[in-house]
Amino acid sequence: MLTEPPIPPNESERIGRLADLDIDYSELQDSLKDLSKLAAKIAGTTVSLINLIDTFTQWTVSHYGLDIDQMAREDSVCQYTIVSKESFEVKDLREDERFRDKFYVTDPPNLTYYFGVPLQTSDGYQLGALCVMDKIGHEISPEKIEMLQIIAAEVVSRLSTFHLMQRMNDTVKDAKDKQRKVAHDIRGPLGGIVSLAEIIRTQGDDNSMEQVMEFISLIQKSGTSLLDLANEILSSEKTVQSVAEQKNGIRFLTLQELQAKLEKLYLPQALAKQVQFTVNVNGNYGHIPLSKNKLMQIIGNLISNAIKFTAPGGKVSVDLDLEIGKGTKTLNIKVNDTGCGISAESIQSILAGEEAVSSDGTSGEKGFGFGLPLVKKLVDSMNGKLSITSEKGKGSDFFVQLPQ
């Protein structure tokens, strides 16, 4: 018997909150492994996972006792934890119709016990779960539950800290760039003042009053220029705090690095569904650094959506290219699939920023209807453009242009 997957009542805002953290799911294992190990030791279980759940996928960002990176959201137990207030427990997964046929129950590691605590932000959004699992049953005491909840809170705190550090790194970079600009701007007028003062000093009484007044006028202009610059700097400093609060952290990676990350994260999904998956880059621009800001969330949602709606034996391809103009640089992203296609009405709703009607994938994957509207929201927030062309039964093309 199939059961409908649980969806948090604030799902659209929840996945938006997760996207705001701009997390690279492949980079957190080392930073969180102490917490996943500690959770297992406290619970007395052989397995502990820290999972983040986006629109389509449960991403295991730290694991202990079980080497796993991801699974389809609808296959996970933690999807039930994120709709629970404090915790979710399954005494025997083999006896629960929701989980007894899942691969991690029927096949090695043949897990039977599950206990999960939601990863909840201070503003009430449950981004994922800290869970402990085992082949044998356990009794988790109230004291241990409280300790697991403390660990879960620490996970959320670290995720927020990572995001803050990214933003601070960007602010530091801006400050260094400003420092170089200020040094360059000051050098000109300050050098002029020094030179004029030196002329007045060396010529002494040979300077006529008219010449002295002219020199003083030039010195005044240079001094005024410096004063204006100082006022500009002070004015800018007043807005540093607000700028830091508004800007997301800008990290950088090349097209080749982006290609490698996408293959690592999404090739397993394609292989599991027997879909051919390729990522192509323009070799002429493969070494040029790009802002990583929101890239993984935008492209990742497009790829997961394409795989979901492409039947086994089909193809999903990603093309990455740069359009470089005079003083401009635009990242062009194309995701093509040979899937079932999207109706004109659905495309219009997506581009209007409306939540799409959920539908199941070509292999019965459950749909939630939040992935593509999230992509539209993220692209708009970066002053980019999203366009979609599709033909029912033949596939879809998604085009994204992001100014760098």
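Where a number appears in this text, it was derived from the coordinates with a stated rule and is not lab data. Computed from a prediction, not measured in an experiment: that's the story for all the values here. Positions of Cβ are generated from backbone atoms using ideal geometry, with glycine treated the same way; all protein chains shown enter the neighbour counts.
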For the stretch 252-403, what class follows from the C-alpha gyration tensor (a ≥ b ≥ c being the square roots of its eigenvalues): rounded when a/c is under 1.5, otherwise prolate if a/b is larger than b/c, else oblate?
-> oblate
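Counting only other residues whose beta carbon sits under 15 Å from that of residue 69, what net charge do I get with K and R as +1, D and E as -1?
Neighbourhood net charge equals -3.
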In nm, what is the difference between 0.36 nm times the number of residues separating residue 149 and residue 267 and their Cα-Cα distance?
-> 39.1 nm
Computed ³J(HN,Hα) along the stretch 29-39: with the Karplus parameters 6.51/-1.76/1.60, θ = phi - 60°, integer Hz and x for glycine or proline, the list is 4, 5, 6, 10, 5, 5, 6, 5, 5, 4, 4
Pairs of Lys in the stretch 11-165 closer than 23 Å at Cα, counting only those 8 or more apart or on different chains = 15
The answer for the net charge of residues other than residue 331 whose Cβ lies under 9 angstrom from its Cβ, with Lys and Arg +1 and Asp and Glu -1, is -1
Give the residue from 77, 155, 112 lying farthest towards the positive end of the charge dipole for the stretch 11-165; charges sit on Cβ (+1 for Lys and Arg, -1 for Asp and Glu) and the dipole is referred to the Cα centre.
-> 112
So for the stretch 3-106, using the alpha carbon gyration tensor with a ≥ b ≥ c as root eigenvalues (a/c under 1.5 gives rounded; past that, a/b versus b/c decides prolate or oblate), I'd call it oblate
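Compute the signed sum of charges (Lys and Arg +1, Asp and Glu -1) over the other residues within less than 12 Å, Cβ to Cβ, of residue 351.
0
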